[in-house]
Amino acid sequence: MTGLRYVYAVCRPFGAALQAQLTGVAGDPPRVLHHHDLVAVVSHVPEADFAEEALRAHLEDLDWLAATARAHQQVIDALTAVTTPLPLRLATVFRDDSGVRVMMEEREDYFRRTLDRLEGRVEWGVKVYVESDPEQGALAERPTGKPASGRDYLRQRSMRSRAHEDMWQRAEEFATRLHGTLSQRAEDTRLHAPQNAALSGAAGRNVLNAAYLVRRDVSEEFVEMVDRTKDEAPGIRVELTGPWAAYSFAGEESREGSSGESRPRDTGAGEAS
């Protein structure tokens, strides 16, 4: 099959087979391209869709972008099951195998150093949301009648305001304790900016959006630690995702306090070489 080369990740050579019938972006099965003691996982994609100008137009098409991101993630998930991949950004494209090898040659030291640091480790995501406290919700919905006076009105407003402030404070204290506890089982952490509910579609207010780099051999213990907190505080929801390839810890630019999601769900324009 002819076409451009779409690169998903760089990793060490691995002996395990990927999932049978695994397909990547544009439906082409991924393959490995060797370069010294590294491999790039690539597949062919049509130039009509992934050449520079066509790709720029496609990146404005949310449906196309979502389908491409799903196919990309499917390959990364399959790699994560058998090795430690270093994912490249969505839509990283080169003209041919030679272009991929040139990229690997230029970044060889970085790839080796980062893969050594991530070997045997995965990323877990933990989010904490504030939901409406059931008891407060019942009180808020209970008919209160017309305030007898302006003073009564102000008193009711003040009580509601204090209830909300108490809930936010409890949630922030809960999130701080949880992050401290989970950090003790993680080798590294990243605190991302809270998600915007209007963009994410998640219910509630996001007060913790964190990623944790965890050794595979302690991941079960890490998951159990999170599970034990899920019903600990009324009105607070804890969500765990993973295990993922270590997106949040793959680059030198990843630092505490960075914003955004840690998996590709990130999008970026590719590079045709």
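The values are calculated or read from the model by the stated rules, or taken from the named source; none is laboratory data. Computed from a predicted structure; not experimentally measured. Cβ placement follows ideal geometry from the backbone for every residue including glycine, while neighbour counts extend to all protein chains displayed. Note: areas computed on protein heavy atoms with side chains; ligands, DNA, RNA excluded. Shrake-Rupley method; radii C 1.70, N 1.55, O 1.52, S 1.80 Å.
Placing dummy labels 7 Å off each Cα toward the beta-carbon, the span from V102 to A197 is 5.0 nm. Across the range 51-126, the relative contact order, built from alpha-carbon pairs under 8 Å that are at least six residues apart, equals 29 percent.
For E131 and E119, compute 0.36 nm times the residue count separating them, minus their Cα-Cα distance, and round to one decimal in nm.
Fully extending the segment from E131 to E119 adds 0.6 nm.
When both bridge partners sit in the range 1-90, DSSP labels roughly 100% of those beta bridges antiparallel.
Let me know the shape class of the range 174-256, please: from the alpha-carbon gyration tensor, a ≥ b ≥ c as square roots of the eigenvalues, rounded when a/c is under 1.5, otherwise prolate if a/b is greater than b/c, or oblate. The shape class here is oblate.
Where a ≥ b ≥ c are the square roots of the eigenvalues of the C-alpha gyration tensor, would you call the range 22-135 rounded, which needs a/c under 1.5, or, failing that, prolate if a/b is larger than b/c, or oblate? Each step should come with its number before you reach the end.
Details: a/c = 2.23, a/b = 1.26, b/c = 1.78.
Since a/c reaches 1.5 but b/c is at least a/b, the shape of the range 22-135 is classed as oblate.
Between the alpha-carbon centres of the range 210-239 and the range 1-22 there is a gap of 31 Å. By accessible area, using a 1.4 Å probe on protein heavy atoms only, the range 1-138 has 50% of its surface on carbon and sulfur. Summed over the residues of the range 10-58 and divided among them, the accessible surface reaches 50 Å² per residue at a probe radius of 1.4 Å. Inter-label distance, H34 to L62: 4.5 nm, where each label sits 7 Å from its Cα along the C-beta direction. The accessible-area ordering, largest first, of the residues F50, F14 stands as F14, F50, per a 1.4 angstrom probe.
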